[in-house]
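Participant: Below you will find the structure I want to go over with you.
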Amino acid sequence: MLIHNATVITFDADNRVLTDGAVRIEDAVIAEVGAGKDLLARYPEDERWDAHGLLLMPGQICAHTHFYGAFARGLYIPGPPAKDFPEILDKLWWRLDKALDLEGVRSSAQVCLADAIRNGTTTLIDHHAGQRAIDGSLDVIAEAVDDSGLRAVLCYEVTDRDGRDTAQAGIRENVRFLRKLAQAGAADGIGRRIAATFGLHAGLTLSDETLAACAAESDAFHIHVAEHPVDEYDSLAKSGKRVVERLHAFGITGPRSIAAHCIHIDAWEMALLRETETFVSHQPRSNMNNAVGAADVTAMLRGGLSVCLGNDGFSNDMF
């Protein structure tokens, strides 16, 4: 198939913009990108789709989202307004994730996936929590992603906030899903478009024992880091180390890990993230909503960190 008469934004090494460009697709793979007249002349038998000058570009990537957060949009929180982010967690998010059942998990994923399709976001890295419906929850989300035709990286958020048994259940769900995908391999559709990582909530709700247990199971992690100063205070109280240093000591940092937010890290933590090639995801709209501050993205980019963009469960219009 040839998509032609498009303004093609390539995002390649030369950042080309083809004002009368075309993209040729063969066997579900982009086979060629070039000038419209050249591709039309070379492949006269191909099915054609006239873009009428619309922009055509690679799909956007959302590096940190929460599908289950779909139910929080417009949700009224009873009582006085939360005074800070820890109260928002306690009054909203930690109540919502205890209210979910597997059908709710499925529905919230479907809503977010439809929104992603509408906004041209084709790959999403989800961070799931649902403390009363842990077992099999990643399978339910994977089925929704598979039906949507999009790509996703899935994990379950391990936390100690509801006790040891629940934390162990979260670890088991991550391990089970990782092994399932490894066994499925590239021959299965899910193996091609769905991947897995290991989810952790944040240092402030994870004991040393739980961090060690998680580190023993994976070398790729997705975790909230210093979204609020309380995470740093908690880490110093527990270990005498700042958050990134504590996580690094357990092997949580690395080139296959995502540290979400990183708003209140200091320069030395920033340097450690760079040295370990850990990805940092930035969620500006969520940070404004929760009044937690803004990460020093300019310094991170100047320092050579790998910074990507997430939405923390807000709109999947990444622009």
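The values are calculated or read from the model by the stated rules, or taken from the named source; none is laboratory data. Keep in mind it's a predicted model, so treat the numbers as computed, not measured. In this analysis, Cβ positions are derived from the backbone assuming ideal geometry, glycine residues included, and neighbour counts consider all displayed protein chains. We work out accessible area using only protein heavy atoms, side chains counted, and drop any ligands, DNA or RNA first. Shrake-Rupley method; radii C 1.70, N 1.55, O 1.52, S 1.80 Å.
Participant: Give me the residue from the range 1-23 that is free of Cβ contacts under 8 Å to residues at least 24 places away in the same chain and open to solvent by 50 Å² or more (accessible area, probe 1.4 Å) and, out of that set, nearest to the chain's Cα centre (by Cα).
Facilitator: Once the filter is applied, the top-ranked residue is 12.
Participant: Oh, and also: So in the range 229-263, with the set limited to residues that are hydroxyl-bearing (Ser, Thr, Tyr) and more than 15 Å from residue 277 (Cα to Cα), which one is most open to solvent (accessible area, probe 1.4 Å)?
Facilitator: Across the range 229-263, the extreme among qualifying residues is 233.
Participant: Still on this structure, please answer the following. Considering each residue of the range 221-249, count those that are closer than 22 Å to residue 297 by Cα and assigned to a loop (DSSP other than H, G, I, E, B), and give that number.
Facilitator: 4
Participant: Test of understanding: among 204, 178, which residue is open to solvent by 40 Å² or more (accessible area, probe 1.4 Å), in a helix (DSSP H, G or I), closer than 22 Å to residue 295 by Cβ and not β-branched (Val, Ile, Thr)?
Facilitator: Going through 204, 178 in turn, just one is open to solvent by 40 Å² or more (accessible area, probe 1.4 Å), in a helix (DSSP H, G or I), closer than 22 Å to residue 295 by Cβ and not β-branched (Val, Ile, Thr): 204.
Participant: Let me ask something else. Looking at (1) at positive phi; (2) at pLDDT 85 or above, can you tell me which one residue 74 breaks?
Facilitator: Failing condition for residue 74: (2).
Participant: May I pose another question? Can you tell me which residue is least open to solvent (accessible area, probe 1.4 Å) among those in the range 271-312 that are assigned to a loop (DSSP other than H, G, I, E, B) and hydroxyl-bearing (Ser, Thr, Tyr)?
Facilitator: 278
Participant: Let me ask another. Are there helices (runs of 4 or more DSSP H) fully within the range 90-157 with at least 2 residues that are under 28 Å from residue 56 (Cα atoms)? List them.
Facilitator: Ranges flagged: 102-118, 137-148.
Participant: Go through (1) more than 22 Å from residue 96 (Cα to Cα); (2) in a strand (DSSP E or B) for residue 218 and report which single condition fails.
Facilitator: (2)
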